[in-house]
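The structure appears right after this line, and notes come after that.
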Amino acid sequence: MKPRRLETFRERLELVFEDRAEDVLRYLLEERPPTYVRVNTLKADVESVVESLERAGVRLEETPLPYAFRVLEAPGPMGSSLEHAAGLIYVQDLASMIPPELLSPEPPGPVIDACAAPGSKTTQLAQLMEGRGVILAVDVDPKRVRSLAHNVERMGAINVIVAREDATRLRVGAPYILLDPPCTGEGTFHRDSHARETWTPAKVLRFARKQERLLRAVVELLPPGGRLVYSTCTFSPEENELVIHRALGDDDRFRIVDERPRWLRRHTVPGLTEWEGEELRPDLRNAFRVDPSSLRSDGFFIAVIERVS
């Protein structure tokens, strides 16, 4: 990252993470990202898959999620393993597993995954629903839809319907909606050099416009009592709090709730209720950012939005 851009990014991190900012920046720019795998309980139980991986020379560390493990040592890339090819595991960052956990769908659903490709969260949702009910997984990019369909098949997610569609054109509602839109990927700078080297404040604003359009559309698909999880792997308030504030305004049909599990709380900072002099919805304090240097993961922003019954 060029020096001027780096300084701008540093200043923005300080406004979001305060005294954690230097640790976050150091982690994103200097440290090697860890690898996590999610065991696919649609195909096998956790114990048998762990035993298979350990026999193959993989050393694992438990995480707070019973089906997720950090890879400490492996004879090769986990994406090249037989367990991966057989759909017994999905290589997925630990922070990426939090949005489906907080959506917490119950069968029969239905569930809408509005920007679903390549399918990590979609197949996790299928796993959380034990292969029951219905998940509509949509994405607008034809190449990414092919990747999504491949992963759904590989993981044996028989309760997933894949469709190439712009989520803003959906006309069907669901009590559970996941919106994880494309973003600038600031929380993945430690693993994505392209995102890091092409980052600019102008790029942040371009993504924010698309994200707001998506959220405005899909939040209206939520029935009373329904839940929507909005998540990005980026830190910029323009792509997070401001998107939600502008999409929802002061609409009291919706509320943002704090659903962080106890184990996660020390790895997070609360959402902002003010940015550059603009007062935002007060319940945005219930949204949060994952501190990647603390969780040893990617960085994420997550908000749980409920439509009042």
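Which condition breaks for Ser231 when tested against (1) closer than 22 Å to Leu125 by Cα; (2) more than 19 Å from the chain's Cα centre (by Cα); (3) open to solvent by less than 30 Å² (accessible area, probe 1.4 Å)?
Looking at each condition in turn, Ser231 falls short on (2).
Determine, yes or no, whether Glu130 is open to solvent by 10 Å² or more (accessible area, probe 1.4 Å) and free of Cβ contacts under 8 Å to residues at least 60 places away in the same chain. Let's see the steps before the verdict.
Details: open to solvent by 10 Å² or more (accessible area, probe 1.4 Å): yes; free of Cβ contacts under 8 Å to residues at least 60 places away in the same chain: no.
Criteria not met by Glu130.
Give segment 239-269 a look and list any residue that's closer than 27 Å to Leu205 by Cα and hydrophobic (A, V, I, L, M, F, W, C), or say none.
Leu242, Val243, Ile244, Ala247, Leu248, Phe254, Ile256, Val257, Val269
Tell me, which residue of segment 259-272 that is touching a residue at least 24 places away in the same chain (Cβ under 8 Å) and open to solvent by 50 Å² or more (accessible area, probe 1.4 Å) is nearest to Asp291 (Cα to Cα)?
Within segment 259-272, the match that is nearest to Asp291 (Cα to Cα) is Arg266.
Each row is one residue, and each column tells you yes or no for (1) surrounded by fewer than 23 Cβ atoms within 10 Å (Cβ to Cβ); (2) basic (Lys, Arg).
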residue: Pro182; (1), (2): yes, no
residue: Pro201; (1), (2): yes, no
residue: Gln211; (1), (2): no, no
residue: Leu215; (1), (2): no, no
residue: Arg255; (1), (2): yes, yes
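What residue, among those in segment 133-162 that are open to solvent by 30 Å² or more (accessible area, probe 1.4 Å) and aliphatic (A, V, I, L, M), is farthest from Leu242 (Cα to Cα)?
Here the answer is Ile158.
In segment 221-237, how many residues are under 17 Å from Val16 (Cβ atoms) and part of a loop (DSSP other than H, G, I, E, B)?
Qualifying residue count for the region: 4.
The values are calculated or read from the model by the stated rules, or taken from the named source; none is laboratory data. Remember, it's a predicted structure, so these values are computed and weren't measured experimentally. Please note: Cβ atoms are built from the backbone with ideal geometry, for glycine as well, and neighbour counts cover all protein chains shown. Accessible surface is based on the protein model in full, side chains and every heavy atom, while ligands, DNA and RNA are left aside. Shrake-Rupley method; radii C 1.70, N 1.55, O 1.52, S 1.80 Å.
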